[in-house]
Structures are given as structure tokens and as C-alpha cells.
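Asks: The structure is given below, and queries will be raised subsequently.
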Amino acid sequence: MKVVLQNLTKRYPSREKGGADVYAVNDFTFEIPDGQLIGLLGPSGCGKSTTLNLISGLETPTSGKIFFGDDDVTNLAPENRGVGLVFQSYALYPHMTVLQNIMFPLQNFKGDAKLSKEEMVKRCEEAAKLVQIDHLLARKPKQMSGGQQQRVAIARALVKMPRVLLLDEPLSNLDARLRLQTREEIRRIQRETGITTVFVTHDQEEAMSISDMIVVMKDGVIQQIGKPQTVYDFPVNLFVAKFLGTPPINVFDGCVKDGGLYVGEDRILEVTGLEDQDVYVGIRPEGFILDQDGPMKCRLIGVEVMGRDTSIVSSHDAMTGTQIRSIISAENKVDPASEFVRFSVKPFKTLVFSKDTEEALSYEVR
Ligand code: ADP
Ligand code: MG
């Protein structure tokens, strides 16, 4: 089921007395192709949950429209939209068994949609099998781990055979290992069922790893939509560049002058296509090359060998953050006692942003 958001806006009165209205979602227009998993990504408060609640019908938009396929669902009640919802808290009924919990939404089906007990049990067993808890149907929620409980919640959302599956930070209550495992599971389930899915998270790695496309948001405004790798490689602005990637991109004060790209006083690349101006230069951690004759001279703070990679921590007068993190292959040896370390940089990993607008500027290397 294709989902279309058309100039969707949700404005709330301020929670503070006399404060300005909040545009939780500000003029969203985008199309979620049928069968895809979309990651809605952004910092806390950027409007992710509001967007999801508008799609589900729990919230009504201030203006704009929502379509499921060709159906305008903007004014349709949540129960008539055919959406499955999963939240951060699993909200299972503690006194019911897993089977009863999963079956609960089916018992509300009325008229032609009404199911017999056998049909309901069959549907529940299928949903439970999909999330691999079919051996636990007789248990009560508190006899299960957090990850298993969240699977019950997912099964409960799937059992209705929703047209659209909406997940709001579903992994946030799980510990690191389970989070990793469960996100793979969600991906597998989504692929197997082909249900159009919107997955909300503030965790860029989570969104990048499972989404067909990500939508990066800030203050209720869409910043960029695209394939995770494309958004990582070609962020449209400094905010997006900084939000994606661990360790994060290293940002420097720089300028373009006489065909050179400078970080502070260091001329790091020969470039064309840019006018002389002050800029921010963003260099991804993997964009540094250890090079005795390299143009970038940094003060060495520490060297951390982490198996495959070496992480070099250093500083530079022109950096905007607290320290520079560069990742190089562990075969390269750095003497931790050295005072300085020199780098050259990979052009593809070196991004340039306007100092005024913070928008990305494209350039070519000479
Ligand atoms: P996210 O899920 O990305 O953390 P939300 O969608 O929950 O963000 O919230 C977006 C913005 O809208 C925030 O500034 C939040 O304070 C505000 N907001 C959300 N719900 C309400 C409400 N019922 N009344 C007033 N402001 C709200
Ligand atoms: Mg939220």
C-alpha cells in the first residue's frame, strides 16, 4: 500500500503560557512506495511521533492530506484505516496469555469481517510464527523477556493484516544486543509480509541499517529523503551530515581561496567549482589518510587500536568540536608518543558547507 503525505501540517498551541505555536510537523510532502520500509529519523522533539500519529489517525492534521493508495484517509477514524501500531512500551495485558493478547484486536471485528474462534486462533498462530514466539502462546507477558514481549506486540499489530505498519521507537526499551537482533527480525518480517512500514527512531544507525529510505527531520521540517547510503554520502546540509555517522563527522572552520580548500591555514585540497568564501569543512572519520607529507597537521591526543581499525584522536586549531576522530586501518602504525600527526584527506569524504546557510556546496577536485 502506497502512502502519500500531502502538505501535511500539525500545529499545537504552546505548552507554555503565551508561547508561540509549535509546528510539530511542518508542510510534509512525501510518498512512501508500496512495500517499503521507511525510517523516520531525527532528534527528540523533531515531530516523528506526531507524523506517525497523523498517519495512524490518532492525531488530526491542522492542514494537508493523507492517502493510502488512492483512498483519502485524512478524515477516517484510526480503526478504519487498517494500520498496525507498535510503540516503545509493549502495553500488553498482563492478565492475558500471549495468545489472548494477540487475538484481542480480532475480537472487535464486526459484521462481515467477524471471524470464528478457529479462524482467530489460526491467524494468531501465523502471526506468532512470523515473529518466532509460536512456542510461547500459553505464557503470560511477565514470564517473557523484553524482546519477546515486543514480539508479541508486533504479532498483535500484524494479526489484523494491516495495510500499513507503524513502529514508534519499538526497540528503545531493549538492551543493546536484543536491539540489534530485534531490528534484524523487524527487517525480515517486513520483507516476508511486504507490508509498507514506517519505523521511527532517533538512532541513526538503527534507521540506516534497516530502512529502504530514510527521512531526516529537524524541528518539524523534512531535511532530506533518500537511500541511507546516499544521504550519508551526499547530505544536503550540515545538520544532516552531523546527524548521520558514528563517530560523527569532524567539522572545521575553513575557506575557499585561490582554488584551494583550507582548514584553518592548511590547504587540504585543490578544488574547482567554488567561489572564494568562508565555509565549514566536514571530514568523515574514514576520510583521513595517514601521510607524513600530508597538508593537515594535527596535534596527537591518543591512539586507540580496536581490532580491525585504529582510531586516532587529535586536535586542530580550526576544529569546531572538542576533538578530531579519524579511523584508519590498523596496519598503519602511529607512535603514540609523537606530538603531531599529519593527514591528507579523501575528497569523497570531505564535504563543504556554506557558512551562511549551512547548505552543502558541491565541488570538483583538480
Ligand atoms: P518526536 O517524536 O520526534 O520526539 P513529537 O512528535 O513527540 O517529537 O513532538 C514534536 C513537537 O511537538 C515537540 O516540540 C513537542 O513538544 C510538540 N508536541 C507534541 N505533542 C504536543 C501536544 N499535544 N501539545 C503541544 N505540543 C506538542
Ligand atoms: Mg516520539
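The values are calculated or read from the model by the stated rules, or taken from the named source; none is laboratory data. This one's a predicted model, so the numbers in the text were calculated from it and none came from an experiment. Here the Cβ positions follow ideal geometry from the backbone for every residue, glycine too, while neighbour counts run over all protein chains shown. When the accessible area is computed, the model is the full protein with side chains, heavy atoms only, and any ligands, DNA or RNA have been set aside. Shrake-Rupley method; radii C 1.70, N 1.55, O 1.52, S 1.80 Å.
Asks: So how strong a dipole does the chain carry about its Cα centre when Lys and Arg Cβ are +1 and Asp and Glu Cβ are -1, to the nearest 20 debye?
Replies: 1760 debye
Asks: Roughly to the nearest percent, how much of the accessible area of the chain is carbon and sulfur, given a 1.4 Å probe? Can you show the working numbers first?
Replies: Numbers: 8610 of 18020 Å².
Carbon and sulfur: 48 percent of the exposed surface of the chain.
Asks: Sticking with this structure for a sec: Could you please report the charge total around GLN229, scoring K, R as +1 and D, E as -1 over all other residues with beta-carbon less than 14 angstrom from its beta-carbon?
Replies: Working: positive: LYS227, ARG284, LYS349; negative: GLU205, ASP212, ASP233, GLU286.
Every neighbour counted, the sum reads -1.
Asks: Semi-axes of the equivalent ellipsoid for the range 1-63, please: Cα gyration tensor eigenvalues, times 5, square-rooted, ordered largest first, whole Å.
Replies: Details: eigenvalues 116, 30, 17 Å².
Whole-Å semi-axes of the equivalent ellipsoid: 24, 12, 9.
Asks: If a/c stays under 1.5 just call it rounded; otherwise compare a/b with b/c (prolate if a/b is bigger, oblate if not). Do that for the range 165-287, with a ≥ b ≥ c from the square roots of the Cα gyration tensor eigenvalues.
Replies: Numbers: a/c = 3.00, a/b = 2.50, b/c = 1.20.
In terms of gyration-tensor shape, prolate.
Asks: Within the range 69-143, list the chymotrypsin sites (Phe, Trp or Tyr not before Pro) lying in a DSSP loop whose Cβ has at most 14 other Cβ atoms in a 10 Å radius. Display every interim value, and only then the final one.
Replies: On the way: sites: PHE87, TYR90, PHE109; in loops: PHE87, TYR90, PHE109.
Passing sites in the range 69-143 are PHE109.
Asks: Taking the Cα of THR357, stepping 7 Å toward and past its beta carbon, and measuring to each backbone N in the range 266-308: which are under 18 Å?
Replies: Residues 273-282 fall inside that zone.
Asks: Taking 1 over the mean of 1/r across every pair of different Cα atoms in the range 237-288, what Kirkwood radius in Å do you get?
Replies: Details: mean 1/r = 0.0861 Å⁻¹.
With all distinct Cα pairs of the range 237-288 included, I get 11.6 Å.
Asks: Let me ask something else about it. More than 34 angstrom separation, counting every C-alpha pair in the range 3-243; what % is that? The partial results should precede the final answer.
Replies: Numbers: 4943 of 28920 pairs.
Result for the distance tail: 17 percent.
Asks: Would you mind estimating how fast the range 209-271 diffuses translationally, via Stokes-Einstein at 20 °C and 1.002 mPa s with the Kirkwood radius over Cα pairs, in µm²/s? Please report the intermediate quantities before stating the final value.
Replies: Values: Rh = 13.5 Å.
Translational diffusion coefficient: 159 µm²/s.
Asks: Could you give the angle, 0 to 90 degrees to the nearest 10, between helix 176-193's Cα long axis and the longest principal axis of the Cα atoms of the chain?
Replies: Roughly 60 degrees, rounded to the nearest 10.
Asks: So what's the net charge close to LEU106: Lys and Arg +1, Asp and Glu -1, counting the other residues with Cβ under 15 Å from its Cβ?
Replies: On the way: positive: LYS110, LYS114, LYS117, LYS122, ARG123, ARG156, LYS160; negative: GLU79, ASP112, GLU118, GLU119, GLU125, GLU126.
Counting the neighbours of LEU106, the net charge comes to +1.
Asks: Work out, in µm²/s and without decimals, the Stokes-Einstein translational diffusion coefficient of the range 261-366 at 10 °C, 1.306 mPa s, Rh from Kirkwood over C-alpha pairs. Intermediate results must be reported in sequence, preceding the final value.
Replies: Details: Rh = 14.4 Å.
Result for D is 110 µm²/s.
Asks: Which GluC sites (Glu not before Pro) from the range 1-102 combine a DSSP loop assignment with at most 16 other Cβ atoms within 10 Å? Could you put the intermediate results ahead of the total?
Replies: Details: sites: GLU16, GLU31, GLU59, GLU79; in loops: GLU16, GLU59.
Answer by residue number: GLU16.
Asks: Excluding same-chain pairs closer than 8 in sequence, count the lysine pairs in the range 1-122 whose Cα atoms lie under 16 Å apart.
Replies: On the way: LYS2/LYS65; LYS10/LYS48; LYS10/LYS65; LYS114/LYS122.
Total qualifying Lys-Lys pairs in the range 1-122 comes to 4.
Asks: Taking a probe of 1.4 Å, how large is the accessible area per residue of the chain, in Å²?
Replies: Numbers: 18020 Å² over 366 residues.
With the other protein chains kept in place, the chain gives 49 Å² per residue.
Asks: Just the number, please: percent antiparallel of the DSSP beta bridges in the chain, rounded to the nearest 5. Intermediate results must be reported in sequence, preceding the final value.
Replies: On the way: 65 of 83 bridges.
That works out to approximately 80 percent antiparallel.
Asks: With each label point set 7 Å from Cα along the Cα-Cβ vector, what nm distance links PHE104 and SER315?
Replies: With each label placed 7 Å out from Cα toward Cβ, I get 5.4 nm.
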